[in-house]
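In what follows, a single structure is set out as structure tokens and then discussed.
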Amino acid sequence: MKNTVSIVRVWNLQNWQLEKKWEARQGRVWSVAFSPDSQQIASAGEDGTVRLWNLQGQQLIEFKEHQGSVRKVSFSSDGQLIASVGDGKIIRVRNLQNQQVIELKGHQKSVSSVGFSPDGQQIVSAGNNSTIHVWDFKGQLQRKFEGHLGPVNSLVFSPDGKQIISGGDDGTIRLWNLQNGLKERLFQLYGPKVMSVVSSRDGKRIFSGASNGTVQLWNLEMEDQLPLAVWKTQQSSVNSITLSQDNKLLATAGGDGSVKVWQIETFDQLRQQTCDRLHDYLENNPNSERHLCNN
């Protein structure tokens, strides 16, 4: 860690220019998150700290949250809570107003992902034991979801807060009903691991990033289990993926250290491009698959 230079970079997506960069002094920075008002950035470091910065790169506050590396950090929707996970089994939720900390304990193995529901009343977490936990904001375990056949690498709430979307080492993306605890949908990648998932703002599409450097677009309005579109990022692995508020930009962070921002065309354009590439395949396959590109 002593020889690692940790740099936080902020990019302007209007002109694609580097807006600001600064040294975080945390060893490797494993995760960053914008506050809901986009005025602060939280960084999670190899030194066990979570640090808050303004957009000029000035450190506002530092918390020593975990003994090992902090792997993931997330803001609640009102910006008052920060959740973090480290190399261990404990999730720490800090109230930025009064500095009170709640520890969530219940995972049997290390935790890799954590996030808040849209209303800020629930927290979802998952890790290497393949079990997803849902907690209330007071730290009480409400529900468990089981079904993945390996570590869960990424999970998010649907925009309406009624579902949880998860992706894991078993190559599956799963949608879970938060009310009854049942799995509603399953999408399968044959070969690569699912490293990251994100939902469109209308909740009708899912983007996934895979360990082979590809991104998949899934249509939740169709019953089919095939992706609507697939493209190669030329990154060794898509470890993190996020979508802009207007659904027009998709950012991917690769295992090779690169960050790429993609101009997302309309979903109909993406489907048409994919159907053009699959024309010959669909012409020679059963009618059950041809309707994917009807109209």
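Rule-based calculations on the coordinates, nothing more; no lab input. Just so you know, these numbers come straight off a predicted model, no measurement behind them. Cβ sites come from the backbone with ideal geometry, for glycine too, and all protein chains shown count toward neighbours.
Expected output is a single nm value to one decimal: the length gained when fully extending between residue 232 and residue 60, i.e. 0.36 nm times separation in residues minus the C-alpha distance. What is it?
So the chain would gain 58.1 nm between residue 232 and residue 60.
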Which value, in debye to the nearest 20, describes the size of the charge dipole of the range 1-109 about its Cα centre when Lys and Arg Cβ atoms bear +1, Asp and Glu Cβ atoms bear -1, and nothing else is charged?
-> 340 debye
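Expressed as a fraction of 2.2 N^0.38 Å, the rule-of-thumb size for a compact globular protein of N residues, what is the C-alpha radius of gyration of the range 122-195?
Numbers: Rg = 11.7 Å, N = 74, 2.2 N^0.38 = 11.3 Å.
Working it through for the range 122-195, the quotient is 1.03.
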Theoretical gain in end-to-end length, residue 99 to residue 149 [0.36 nm per residue, Cα-Cα removed] | 14.3 nm
Write down the Å³ per residue value for the convex hull defined by the alpha carbon atoms of the chain.
-> 136 Å³
Hey, could you get me the Stokes-Einstein D for the range 1-109, Kirkwood radius over alpha-carbon pairs, 20 °C and 1.002 mPa s, rounded to whole µm² s⁻¹?
-> 150 µm²/s
Take every Cα pair under 8 Å in the range 89-246 that's 6+ residues apart, average their separations, divide by the length, and report that relative contact order as a whole percent.
-> 13 percent
Dipole moment magnitude, nearest 20 debye, the chain about Cα centre, only Lys, Arg, Asp, Glu C-beta charged | 840 debye
In debye to the nearest 20, the charge dipole size for the range 73-130, taken about the Cα centre with +1 at each Lys and Arg Cβ and -1 at each Asp and Glu Cβ, equals 220 debye
Points 7 angstrom from Cα along the Cβ direction at residue 11 and residue 186: gap in nanometres?
-> 3.6 nm
Kirkwood-based Rg to Rh ratio, the range 161-209, C-alpha trace | 0.97
Go through 80, 112, 58 and say which Cα lies farthest out towards the positive end of the charge dipole of the range 36-182; charges sit on Cβ, +1 for Lys and Arg, -1 for Asp and Glu.
-> 112
According to a simple spin-label model (label point 7 Å from Cα along Cα-to-Cβ), what is the distance in nm between residue 202 and residue 224?
-> 1.9 nm
Using amide H atoms built 1.01 Å from N in the peptide plane, name the residues 5+ places from residue 262, or on other chains, whose amide H lies under 5 Å from its own.
-> 250, 251, 252
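Excluding residue 57 itself, calculate the net charge of residues whose Cβ lies under 9 Å from the Cβ of residue 57, where each Lys or Arg counts +1 and each Asp or Glu counts -1. Numbers along the way, then the final one.
Details: positive: 20, 21; negative: 23.
With Lys, Arg at +1 and Asp, Glu at -1, the net is +1.
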Quick one: among 264, 206, 41, which has the greatest mean-square fluctuation in a GNM of the chain with alpha-carbon springs under 10 angstrom?
-> 264
Normalised alpha carbon radius of gyration of the range 57-119 [divisor 2.2 N^0.38 Å] = 1.11
Taking the alpha carbon gyration tensor of the range 121-254, what are the square roots of 5 times its eigenvalues, largest first, to the nearest whole Å?
-> 23, 16, 14
Put +1 on the Cβ of every Lys and Arg and -1 on every Asp and Glu Cβ in the chain; which of 231, 29, 17 then has its Cα farthest towards the positive end of the dipole?
-> 29
Could you grab the relative contact order for the chain? Cα pairs under 8 Å, six or more apart, rounded to a whole percent.
-> 7 percent
What angle do you read, to the nearest 10 degrees and between 0 and 90, between the alpha-carbon axis of helix 267-277 and the longest principal axis of the chain?
-> 50 degrees
